[in-house]
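**Q** Sharing a structure with you now.
Laboratory data are not the source of any read-out in this text; all were calculated from the coordinates shown. Since this is a predicted model, take the numbers as computed values, not measurements. Using ideal geometry, Cβ is built from the backbone for each residue, glycine included, and neighbour counts are taken over all protein chains shown.
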Protein chains: 2
Amino acid sequence: MRPFQVENQVFGELRQAYLFADADDEQLTRLCVGMQILELPQGTALFHHGQPANRFFFVRAGQVKLFRVSPDGHEKIIEIIRAGQTFAEAVMFMGEQARYPVNCEAIEDTRLLAFDQKKFLQVLEQSHEISFGMLAAMSRRLHMLVNQIDSLTLQNATYRLVMYLLEEAPREARPGADLELTTPKSALASRLAIQPETFSRLLAKLRDQGLIEVHGPHIILRNLQGLRELVYVPAAEPPRLG
Amino acid sequence: MRPFQVENQVFGELRQAYLFADADDEQLTRLCVGMQILELPQGTALFHHGQPANRFFFVRAGQVKLFRVSPDGHEKIIEIIRAGQTFAEAVMFMGEQARYPVNCEAIEDTRLLAFDQKKFLQVLEQSHEISFGMLAAMSRRLHMLVNQIDSLTLQNATYRLVMYLLEEAPREARPGADLELTTPKSALASRLAIQPETFSRLLAKLRDQGLIEVHGPHIILRNLQGLRELVYVPAAEPPRLG
């Protein structure tokens, strides 16, 4: 038995991972049966592609890489796993015949918690409450991430469009001057690799901020300085639309 | 009974959603017991904040908004749900006392599938295979989204850093000229709102591409044209590092 305080700290760390986010202390105690603490010095392999996937892992400190090696020996990193994240849990849920689809190696000195697949799945089979809690936490996290991707995509699209518009504007343009560009929207969206739906949302946001006007194939730049501020980032905050 | 072909098409659509991605036809047949087809004309409310969350939904076509209304009547959109996505499933997993935390309204003519909470959870309680399949699919999707956010964050950080470096470079700089900027890295990262870890990865990538060199507080711009190409996006592809 470990002293209570250590458990408490481990529980706090585990709740950073979406898998454990909703579990209370009693549920975590059950999920941690058979859990082992591992120290993985930098450069050490944890598992290899094709080995039986009988454990999954939580990173307490340090980081590991998941990678494949091509036939010609070239290494392709699939994912970097950092403190607070779990890995190989998707494989674990795929059953007892599952094998690790990648290699894993510590890229720093890394401290891990290792969970035994069989024991972990047994606990889930015995408790719908724990399983549903996990599904709830994962659903919430998924929606959050999709939202975040949406907003990052819009940010990237903003940079590309605004950079393009500023490049098209003559250098000697007076501050405050209106500039009319004849740029069919559909051609512009395609050239800048922005999805039509994202492009429409972006134009609407820039218009709502008083930065541009759109009339058919004409885009009028109403506020060059405002557009420049969107991409030049003089402040300590990343630029965000709306 | 609906004809088999319709079922088949619905199954194909459902597998776009992470919740159903791993389910085979037999499992989907069980999960769809009690499922209803809804048509929601644009502007129609589907549920209100505080109502019992006894159903969750899959969007077949159109889109809905999830939103809250502040005490002063201002509407705040939490999420837009598009075709191929589920919503309110996180609430459903939270049990029978759960209530919708948001309002939902169709922002286009929308076709939905509605799943009954009780019947759906009963199927999961009866089949660990289905539950674990869902957990596996959700884990995989979560890792994929985290990767995607990582790469989008790096893209955004690239824009901000490269824009800054180009702004600092004198306009009359010759193509091919080296330019040395005295810019402490830590100050720069903080000013551009880039996490130290992301900043290091970014500098390493730009260095590996032969675009910059970094010597202590000095950043040398080795390839101005290459840096410009990273942010000006003349091609049809979005700029990507590495």
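**Q** Treat each spin label as a single point 7 Å out from the Cα along the C-beta direction, and report the B:R30 to A:N147 distance in nm.
**A** That separation, rounded to one decimal, is 3.3 nm.
**Q** Among A:Y100, B:Q117, A:L192, which residue has its Cα furthest toward the positive end of the charge dipole of the protein assembly as shown, with +1 on Lys/Arg Cβ and -1 on Asp/Glu Cβ?
**A** A:L192
**Q** Cα to Cα, under 18 Å, and not fewer than 8 places away if on the same chain: which lysines meet these conditions relative to A:K205?
**A** Candidates past the 8-residue exclusion: A:K185, B:K65, B:K76.
**Q** OK, next. Shortest first and in nm with one decimal, please list how far the A:D72 label point sits from its counterparts in the other copies (point 7 Å along Cα→Cβ).
**A** Taking the point 7 Å beyond Cα along Cα→Cβ, the inter-copy spacings are 6.2 nm.
**Q** Compute the relative contact order of the range A:1-111 as a whole-number percentage, counting only Cα pairs closer than 8 Å that sit 6 or more residues apart in sequence.
**A** Details: 188 pairs, mean separation 39.0, N = 111.
Reported relative contact order: 35 percent.
**Q** Here's a follow-up. Kindly provide the helix-only [θ] at 222 nm of the protein assembly as shown, computed as the sum of -39,500 (n - 2.57) over DSSP H runs of four or more divided by all residues, to the nearest 500 deg cm²/dmol?
**A** Details: 16 runs with 204 residues, N = 484.
Rounded to the nearest 500, it is -13500 deg cm²/dmol.
**Q** Considering the options B:L166, B:S139, B:Q51, tell which one lies farthest towards the positive end of the dipole of chain B, charges being +1 on Lys and Arg and -1 on Asp and Glu at the Cβ, about the Cα centre.
**A** Among B:L166, B:S139, B:Q51, the one farthest towards the positive end of the dipole of chain B is B:L166.
**Q** Nearest 10 degrees is fine. How inclined is helix A:128-168 to the longest principal axis of chain A, computing both from alpha carbons?
**A** Helix A:128-168 sits at roughly 30 degrees to that axis.
**Q** Under the Karplus relation 6.51 cos²θ - 1.76 cosθ + 1.60, θ = phi - 60°, what is the ordered set of whole-Hz ³J(HN,Hα) values for the range B:77-91, x standing for Gly and Pro?
**A** Rounded to whole hertz, the list is 6, 8, 6, 9, 10, 10, 4, x, 10, 9, 8, 6, 6, 5, 5.
**Q** Let me ask something additional. Quick check: the angle from helix B:4-14's long axis to the longest principal axis of chain B, C-alpha only, nearest 10 degrees?
**A** Approximately 40 degrees, to the nearest 10.
**Q** Further question: Provide the per-residue ³J(HN,Hα) series for the range B:201-211, in order, calculated from phi with Karplus coefficients 6.51, -1.76, 1.60 and θ = phi - 60°, each as a whole number of Hz, with x at glycine and proline positions.
**A** Going residue by residue, I get 4, 5, 4, 4, 5, 5, 5, 4, 7, x, 8 Hz, with x marking Gly and Pro.
**Q** Charges on Cβ only, +1 for Lys and Arg, -1 for Asp and Glu, centred on the Cα centroid of the range A:17-95; of A:A23, A:Q63, A:A83, which one is farthest towards the dipole's positive end?
**A** Going by the Cα projections, it comes out as A:Q63.
**Q** Further question: How large is the dipole of chain B about the Cα centre if only Lys and Arg carry +1 and Asp and Glu carry -1, each at its Cβ, rounded to the nearest 20 debye? Present the calculation step by step, with values, prior to reporting the outcome.
**A** On the way: 26 positive and 29 negative charges, 74 e Å.
Dipole about the Cα centre, nearest 20: 360 debye.
**Q** Now, a different point. How far is the Cα center of the range B:182-206 from the Cα center of the range B:1-71, in Å?
**A** After rounding, the separation between the Cα centres reads 44 Å.
**Q** Treating only the Cβ atoms of Lys and Arg (+1) and Asp and Glu (-1) as charged, compute the dipole magnitude of the protein assembly as shown about its Cα centre; round to the nearest 20 debye. If you can, show how the numbers build up before the last one.
**A** Working: 52 positive and 58 negative charges, 105 e Å.
Dipole of the protein assembly as shown, to the nearest 20 debye: 500 debye.
**Q** Here is a follow-up. What percent of all Cα-Cα pairs in the range A:147-232 falls in each 5 Å bin, counting up from 0?
**A** Whole-percent P(r) values from 0 Å outward: 3, 14, 28, 29, 17, 7, 2, 0.
**Q** What percent does the relative contact order of the range A:147-232 come to when contacts are Cα pairs within less than 8 Å and at least six residues apart?
**A** Details: 86 pairs, mean separation 32.7, N = 86.
Answer for the range A:147-232 is 38 percent.
**Q** What list of whole percents do you get for P(r) of the range B:4-126, with Cα-Cα distances grouped in 5 Å bins up to the one holding the largest distance?
**A** Reading upward from the zero bin: 2, 11, 20, 24, 20, 13, 6, 2, 1, 0, 0.
**Q** Rounded, prolate or oblate for the range A:55-161? Axes are the square roots of the Cα gyration tensor eigenvalues, ordered a ≥ b ≥ c, and the cut-off for rounded is a/c under 1.5. If you can, show how the numbers build up before the last one.
**A** Values: a/c = 1.98, a/b = 1.17, b/c = 1.69.
Note, shape of the range A:55-161 comes out oblate.
**Q** If you don't mind, another one. Return the average number of partner chain Cβ atoms within 10 angstrom of each residue Cβ along peptide A:92-98.
**A** 4
**Q** Moving on. Remind me, relative contact order of chain B in percent, using alpha carbon pairs under 8 angstrom and six or more residues apart? Mind dumping the intermediate values first?
**A** Numbers: 356 pairs, mean separation 45.4, N = 242.
Computed over chain B, the figure is 19 percent.
**Q** Here's another thing I want to ask about it. Under a Cβ-only charge scheme (Lys and Arg +1, Asp and Glu -1), can you give me the dipole magnitude of the range B:147-232 about the Cα centre, in debye to the nearest 20? Could you put the intermediate results ahead of the total?
**A** On the way: 10 positive and 10 negative charges, 14 e Å.
That gives a dipole near 60 debye.
**Q** At 10 °C and 1.306 mPa s, grab the translational diffusion coefficient of chain B from Stokes-Einstein with a Kirkwood Rh over Cα pairs, rounded to a whole number in µm² per second. Each step should come with its number before you reach the end.
**A** On the way: Rh = 21.9 Å.
Diffusion coefficient, whole number: 72 µm²/s.
**Q** Here is a follow-up. Report, to one decimal in Å, the Kirkwood hydrodynamic radius for the protein assembly as shown based on all distinct Cα pairs. Write out the running numbers ahead of the final one.
**A** Values: mean 1/r = 0.0392 Å⁻¹.
When all Cα pairs of the protein assembly as shown are included, the Kirkwood radius is 25.5 Å.
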